[in-house]
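Notes follow once the structure below has been shown.
The values are calculated or read from the model by the stated rules, or taken from the named source; none is laboratory data. The structure displayed is predicted, hence computed values, not measured ones. Note that we place each Cβ from the backbone using ideal geometry, even for glycine, and neighbour counts take in every protein chain shown. Ligands, DNA and RNA are excluded from the accessible area calculation, which covers all protein heavy atoms including side chains. Shrake-Rupley method; radii C 1.70, N 1.55, O 1.52, S 1.80 Å.
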Amino acid sequence: MKRYLHGERNGVHIIDLEKTVKYLKDALAFVSKIANEGKTVLFVSTKPQSMTLIEESAKACRMPYVNSKWIPGLLTNFSTIKTRIKYLADLKEQKATGDFDKYTKKESAKLNKTIVKLENSLGGVQNMKYKPDAVFVVDVVRDNIVVQEARKLGLPIIGIVDSNSDPDEIDFPIPGNDDAITSLTYFIQRVTDVINESGKSKK
């Protein structure tokens, strides 16, 4: 990250904001391009301080998201994950149509718990029919397994890179603080706005 840093003060690395502006512009240009092509960007952040923010932002631009525990293989073994997504959809349909009434209270309660569990892990990607075309990762260190899976598949990665990150793993790095809520809000909102401005975002 040295090339993205302005210096160090009292043991704290200071990111070069001129570099932030430059690389953010590049990242947003890429996001705009794929959004205009009607492609999908998967939003990912399992950081407690940005879980709600990433969900609200992804929903605002109608993109899939993961904001709780990442399911290993979500990208690299998507065909298997799709069966779980379908199972969730089937259970929700059964509940909505009253099919749960044929079960005992204990069985019905168990199925409801399964729905809640699957919603927590797959709710944000339940409408994702295919692998995403790109991945936006808020914390590339915390969610490094996402980065690894995306790289394995050759999916472009947009990511906020703080001073402890390896920017060489990210196709479109955005040098910035990935802990401060003001910083996270700004970067996530910029990505969301660009997708919405394209007018061609999709699930």
For region 34-151, which helices (runs of 4 or more DSSP H) that fit wholly inside it have 3 or more residues that are surrounded by 16 or more Cβ atoms within 10 Å (Cβ to Cβ) and in contact with a Leu (Cβ under 8 Å, 6 or more places away or on another chain)?
78-96, 105-122
Output the residues belonging to region 171-195 that are open to solvent by 10 Å² or more (accessible area, probe 1.4 Å), within 16 Å of VAL146 (Cβ to Cβ) and not in a strand (DSSP E or B).
ASP171
